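Below you'll find the structure, written out as structure tokens, and then a few comments.
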Amino acid sequence: MKEKIDRLRKMVNVLQVVEKHPDLYFITLEGNQLVMALGYLKNTLNFKHLAFMQAVDYLEDNKFMLTYMVYNYELKANLGVNVFIDREESSMFSIHRLWEHAWQYQRELYEMFGIDFPGSPRVDEPFIMESWEEMPPMRRDFDTLAYSQKTYFPRPGRETNDPKEQMKKAKYPNYPDSPKIRRDDE
């Protein structure tokens, strides 16, 4: 795997390499080199399978980290390719021409994080959340409690129970206050 990464380094500026296991590495690249690097990984270094794409919201740094997980069947190894993009102007090159199924991952990231992939098929069509008009829900500054309180109303007859007391009633109804068991080592 290290030999493959060294070959990639001759093509692009690899900012960081992290070995998690002998068959799992992560590299970090500059965003403008992503498509070239992924094309080289697929077509020359035999990382033929795009397993998934994901995003992590680094709210404090005003960045998203995109991870592209590719797999090499000959090496039986995974390589995660990370790039950081600006959170406010969140846009990344589409890779659907390298892996046709990438449009689905890109469409999901658009809907859940608001990351645009210009030119990706159907990227701006609703994917999972039809009629959603709020901030993308996977952004860390999305307030789930405020959204729930605004959208869902308490139903009559609902009550809140203390889990500890509820379990005591449900599992041990005849032992309301069982004494503490003393151990010899106390």
Has segment 93-101 got any residue that is surrounded by fewer than 20 Cβ atoms within 10 Å (Cβ to Cβ), farther than 30 Å from E130 by Cβ and without any contact (Cβ under 8 Å) to a residue 60 or more places away in the chain? no
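Quick one: in segment 53-92, of everything that is assigned to a loop (DSSP other than H, G, I, E, B) and touching a residue at least 60 places away in the same chain (Cβ under 8 Å), which residue is farthest from K42 (Cα to Cα)?
If we filter segment 53-92 for residues that are assigned to a loop (DSSP other than H, G, I, E, B), which is where we start, we get 62, 73-76, 87-90, 92.
Narrowing the set further to residues that are touching a residue at least 60 places away in the same chain (Cβ under 8 Å) leaves 75, 92.
Numbers: L75: 13, M92: 19 Å.
Looking at residues that are assigned to a loop (DSSP other than H, G, I, E, B) and touching a residue at least 60 places away in the same chain (Cβ under 8 Å), I get M92.
Looking only at segment 111-136, which residues are of a type in the set (F, W, Y) and either in contact with a Cys (Cβ under 9 Å, 6 or more places away or on another chain) or modelled with pLDDT of 95 or more (or both)?
Narrowing segment 111-136 to residues of a type in the set (F, W, Y): 113, 117, 127, 132.
Across segment 111-136, the qualifying residues are F113, F117.
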Please state which of the following conditions N46 fails to meet, knowing it meets all the rest: (1) at negative phi; (2) at pLDDT 95 or above. (1)
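Give segment 106-139 a look and list any residue that's assigned to a loop (DSSP other than H, G, I, E, B), of a type in the set (S, T, N, Q) and touching a residue at least 12 places away in the same chain (Cβ under 8 Å), or say none.
S120
Checking the conditions here, which among F47, F117 is surrounded by 19 or more Cβ atoms within 10 Å (Cβ to Cβ) and more than 21 Å from K2 (Cβ to Cβ)?
On the way: F47 fails: more than 21 Å from K2 (Cβ to Cβ).
Of F47, F117, the one residue that is surrounded by 19 or more Cβ atoms within 10 Å (Cβ to Cβ) and more than 21 Å from K2 (Cβ to Cβ) is F117.
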Here are some conditions: (1) touching a residue at least 40 places away in the same chain (Cβ under 8 Å); (2) crowded, with 16+ Cβ neighbours inside 10 Å. L8 meets all but one. Which one does it not meet? (1)
The conditions are (1) at pLDDT 75 or above; (2) over 27 Å from K63 (Cβ atoms); (3) under 39 Å from the mean Cα position of the chain (by Cα), and F142 fails exactly one of them. Which is it? (2)
Failed condition for S178, given (1) on the phi > 0 side of the Ramachandran plot; (2) at pLDDT below 80: (1)
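The values are calculated or read from the model by the stated rules, or taken from the named source; none is laboratory data. Quick caveat: nothing in here was measured; it's all calculated off a predicted structure. A quick note on method: Cβ atoms are made from the backbone with ideal geometry, for glycine too, and the neighbour counts reach across all protein chains shown.
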